[in-house]
């Protein structure tokens, strides 16, 4: 790893800047005094269009790229739209990574997902457990696409001496999350369900699965801080996990959401719905060894996420 800070006037392209991850990275860069942040709304740049992406990067010539764009969703969406998740994520990452190389971009960060690791890998999940066993079937297409992105970065580094780094966030939540119950992840879905149950005066709310799976949750602004930290440090090593290093059961998560939202009913678990992977806790020792740790406590983060949800409701943008 080289110790190189980033010029505050460097041209930094953040993809997916209107999504949860991309918007958090943009906020973090702005707070850090970066003045030349490049973004491209979907209406102006379709990341699935190889020719358009390559032309954009050839003209823009960014110094750094953060790949925050992806097609994402929860268990139901991943399991239902398997072709979409595989194809679209493959295309987005391939177009951007090859386009970056052709445009002479030396520094790039690709963001994956904790689902890249085998379903039954030893806990906590270390980076070297990649490709050591079968994946969780419900999100296998998404995981394979993300693994391909990691290997793309490794291949460009090996063949062309680029510094394309892959970072694997754990489960994320926070501002600009997706609260659509048909496609959201577990935490935003629980926030919406608890809120709507409270408004209706329900005595209970339904949570998918058994409540026993354990999950780790990272506030998205912590993720953004870690990403910028790695880029500023000049990190050019292997795949690195980004998480908080602690997890909770889905039952504990639902109870915390109820407390934050102010819903006083009871939880009913729908055991006919899938649990997914039994446990997904990331080892964060590699990142901690570089000098970074998450700071947002879960309950405080959920309170901020709930405020974001209420703000979106008030603005007529609930999902």
- Message: Under 7 Å between Cβ atoms, which residue pairs at least 6 apart in sequence (or on different chains) link something in the stretch 167-186 that is over 16 Å from residue 115 (Cα atoms) with a partner that is in a loop (DSSP other than H, G, I, E, B)?
- Response: 176/19; 178/184; 178/319; 179/318; 179/319; 180/319; 183/73; 183/74
- Message: Is it the case, given these coordinates, that residue 179 is assigned to a loop (DSSP other than H, G, I, E, B) and buried (at least 20 other Cβ atoms within 10 Å of the Cβ)?
- Response: yes
- Message: For the stretch 276-312, which positions are part of a loop (DSSP other than H, G, I, E, B), surrounded by fewer than 21 Cβ atoms within 10 Å (Cβ to Cβ) and touching a strand residue (DSSP E or B) at 6+ places or on another chain (Cβ under 8 Å)?
- Response: 278, 281, 283, 296
- Query: Out of the residues in the stretch 113-123 that are surrounded by 20 or more Cβ atoms within 10 Å (Cβ to Cβ) and in contact (Cβ under 8 Å) with a residue 60 or more places away in the chain, which is farthest from the chain's Cα centre (by Cα)?
  - Reply: 117
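It is to be established whether one or more residues within the stretch 57-76 are out of contact with any strand residue (DSSP E or B) (no Cβ under 8 Å at 6 or more places or on another chain), at pLDDT below 95 and farther than 25 Å from residue 221 by Cβ. Working first, answer last.
If we filter the stretch 57-76 for residues that are out of contact with any strand residue (DSSP E or B) (no Cβ under 8 Å at 6 or more places or on another chain), which is where we start, we get 58-59, 61, 71-74, 76.
With the extra rule that they be at pLDDT below 95, the set shrinks to 71-74, 76.
Within this subset, residues satisfying the condition of being farther than 25 Å from residue 221 by Cβ are 76.
Yes, because at least one residue in the stretch 57-76 is out of contact with any strand residue (DSSP E or B) (no Cβ under 8 Å at 6 or more places or on another chain), at pLDDT below 95 and farther than 25 Å from residue 221 by Cβ.
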- Task: Write out, first by first residue and then by second, each pair whose Cβ atoms fall under 6 Å of each other, whose residues are 6+ apart or on separate chains, and whose first residue, in the stretch 286-315, is in contact (Cβ under 8 Å) with a residue 12 or more places away in the chain while the second is surrounded by 12 or more Cβ atoms within 10 Å (Cβ to Cβ) and part of a loop (DSSP other than H, G, I, E, B).
- Result: 294/244; 305/174; 308/175; 309/179; 312/318
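Of the residues that sit in the stretch 262-275 and are touching a helix residue (DSSP H, G or I) at 6+ places or on another chain (Cβ under 7 Å) and surrounded by fewer than 18 Cβ atoms within 10 Å (Cβ to Cβ), which one is farthest from residue 192 (Cα to Cα)? First the steps, then the outcome.
Restricting attention to the stretch 262-275, the residues satisfying the condition of being touching a helix residue (DSSP H, G or I) at 6+ places or on another chain (Cβ under 7 Å) are 262-263, 265, 267, 274.
Now restrict to residues that are surrounded by fewer than 18 Cβ atoms within 10 Å (Cβ to Cβ): 262, 265, 274.
Values: 262: 12, 265: 15, 274: 19 Å.
Across the stretch 262-275, the extreme among qualifying residues is 274.
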- Message: I need the full set of residues from the stretch 215-254 which are out of contact with any strand residue (DSSP E or B) (no Cβ under 6 Å at 6 or more places or on another chain), outside any strand (DSSP E or B) and closer than 18 Å to residue 306 by Cβ, in order please.
- Response: 221, 222, 250, 252, 253
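Looking at residue 68, is it in contact (Cβ under 8 Å) with a residue 60 or more places away in the chain, within 20 Å of the chain's Cα centre (by Cα) and crowded, with 20+ Cβ neighbours inside 10 Å?
no
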- Query: Among the residues of the stretch 215-233, is there at least one that is touching a helix residue (DSSP H, G or I) at 6+ places or on another chain (Cβ under 8 Å), surrounded by fewer than 16 Cβ atoms within 10 Å (Cβ to Cβ) and more than 30 Å from residue 316 (Cα to Cα)?
  - Reply: no
- Message: So, in the stretch 49-64, how many residues would count as being touching a residue at least 12 places away in the same chain (Cβ under 8 Å), more than 14 Å from residue 106 (Cα to Cα) and surrounded by fewer than 16 Cβ atoms within 10 Å (Cβ to Cβ)?
- Response: 2
- Task: Being surrounded by fewer than 22 Cβ atoms within 10 Å (Cβ to Cβ) and assigned to a helix (DSSP H, G or I) is the filter here, so list the residues in the stretch 151-176 that pass it.
- Result: 151, 152, 154, 155, 156, 157, 158, 159, 160
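Tell me which residues, restricted to the stretch 183-214, are on the phi < 0 side of the Ramachandran plot, part of a loop (DSSP other than H, G, I, E, B) and more than 18 Å from the chain's Cα centre (by Cα). Reasoning before the result, please.
At the first step, the residues of the stretch 183-214 found to be on the phi < 0 side of the Ramachandran plot are 183-200, 202-208, 210, 212-214.
Next cut, part of a loop (DSSP other than H, G, I, E, B) only: 183-185, 202-203, 210, 212-213.
Of everything in the stretch 183-214, those that are on the phi < 0 side of the Ramachandran plot, part of a loop (DSSP other than H, G, I, E, B) and more than 18 Å from the chain's Cα centre (by Cα) turn out to be 202, 203, 210, 212, 213.
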- Picking from 132, 126, which residue would you name as being surrounded by fewer than 19 Cβ atoms within 10 Å (Cβ to Cβ), closer than 27 Å to residue 83 by Cα and out of contact with any helix residue (DSSP H, G or I) (no Cβ under 7 Å at 6 or more places or on another chain)? 132
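Which residues, taken from the stretch 241-257, are within 15 Å of residue 293 (Cβ to Cβ) and buried (at least 21 other Cβ atoms within 10 Å of the Cβ)?
Going residue by residue through the stretch 241-257, those that are within 15 Å of residue 293 (Cβ to Cβ) are 241-246.
Those that are within 15 Å of residue 293 (Cβ to Cβ) and buried (at least 21 other Cβ atoms within 10 Å of the Cβ): 241, 242, 243, 244.
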- In the set 105, 14, 21, the lone residue that is touching a residue at least 40 places away in the same chain (Cβ under 8 Å), within 21 Å of the chain's Cα centre (by Cα), surrounded by 21 or more Cβ atoms within 10 Å (Cβ to Cβ) and not in a helix (DSSP H, G or I) is 14
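The values are calculated or read from the model by the stated rules, or taken from the named source; none is laboratory data. Treat the numbers as computed from the prediction; the structure is a model and nothing was measured. Every residue, glycine as well, gets a Cβ built from its backbone with ideal geometry; the counts of neighbours run over all protein chains shown.
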